[in-house]
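Asker: Sharing a structure below in structure tokens format, with a few things to ask.
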Amino acid sequence: CMTIRIDLNKEVKASVPHVLDYFTNVEALPRFHPEYIKNVAIVSREDGENNNIEFEQEGSFHGKKITSINKLTRLGNENTIRIEIIDGNGKGSVTTIRCQEVSPGNTQIRLEGELHYGILEKFLSRSIHGITEKTLEEDIHNLEQK
């Protein structure tokens, strides 16, 4: 089965800790991306911290309902967040978000993904890039709101 690869780089006017907090606030995903993410439910969270979260996500792409169980791991010392789809649509997909300070209050975000959508791949491969770019643009916009 084919893999959809994504590699995006964006700079944002926000500090590294702020960016990391933003991306680990999974409950806010439906508010951040209402067009694509309809519902998020936390399955488990380690130690009440946002470093290890398992969550169920319901999304909608082109009117198709997509459900997945995702595991988010925050690698604190590397300023990196890893999100793996452990069950449901896209199982086996991994997305990595790396943050690097370029100057005080400015962060370079590198988003890399290896996505597996099985039967949906032919249908999604073109649009998944567009959707990822659009959601990252929304993230940048949200992050830069004071």
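Asker: If one takes the longest principal axis of the Cα atoms in the chain, at what angle in degrees, from 0 to 90 and to the nearest 10, does the Cα axis of helix 121-143 lie?
Answerer: Roughly 20 degrees, rounded to the nearest 10.
Asker: When the accessible area of segment 2-127 is computed with all protein chains present and a 1.4 Å probe, what percentage of it is carbon and sulfur? Don't skip to the end; give the middle numbers.
Answerer: Numbers: 3130 of 6850 Å².
Its accessible area is 46 percent carbon and sulfur atoms.
Asker: What whole-number volume per residue, in cubic angstrom, does the convex hull of the C-alpha atoms of segment 1-75 give?
Answerer: Residue-normalised Cα hull volume stands at 140 Å³.
Asker: Over all alpha-carbon pairs in the chain, figure out the percentage whose distance exceeds 23 Å.
Answerer: 31 percent
Asker: Given the DSSP H assignment, sum -39500 (n - 2.57) over each helix run of at least 4 residues in the chain and divide by its residue total; what's the result at 222 nm in deg cm²/dmol, nearest 500?
Answerer: Working: 3 runs with 36 residues, N = 146.
Result for the chain, helices only: -7500 deg cm²/dmol.
Asker: Once you place label points 7 Å from the Cα toward the Cβ at Glu11 and Asn52, how far apart are they in nm?
Answerer: It works out to 3.7 nm between the two label points.
Asker: With θ taken as phi - 60° and the coefficients 6.51, -1.76 and 1.60, list the Karplus ³J(HN,Hα) couplings across segment 89-103 in order, rounded to whole Hz; mark glycine and proline as x.
Answerer: Using θ = phi - 60°, the values come out as 4, x, 3, x, 6, 10, 10, 10, 10, 10, 10, 9, 6, 9, 7 Hz.
Asker: Also: Please compute the per residue accessible area over the chain with all protein chains in place, 1.4 Å probe, rounded to a whole number of Å². Spell out each step's value before the answer.
Answerer: Numbers: 8040 Å² over 146 residues.
Solvent-accessible surface per residue comes out at 55 Å².
The values are calculated or read from the model by the stated rules, or taken from the named source; none is laboratory data. No experiment lies behind these values; they were computed from the predicted model shown. Reconstructed Cβ throughout: ideal geometry from the backbone, glycine too, with neighbour counts over all protein chains shown. These accessible areas exclude ligands, DNA and RNA; they are computed on the full protein's heavy atoms, side chains included. Shrake-Rupley method; radii C 1.70, N 1.55, O 1.52, S 1.80 Å.
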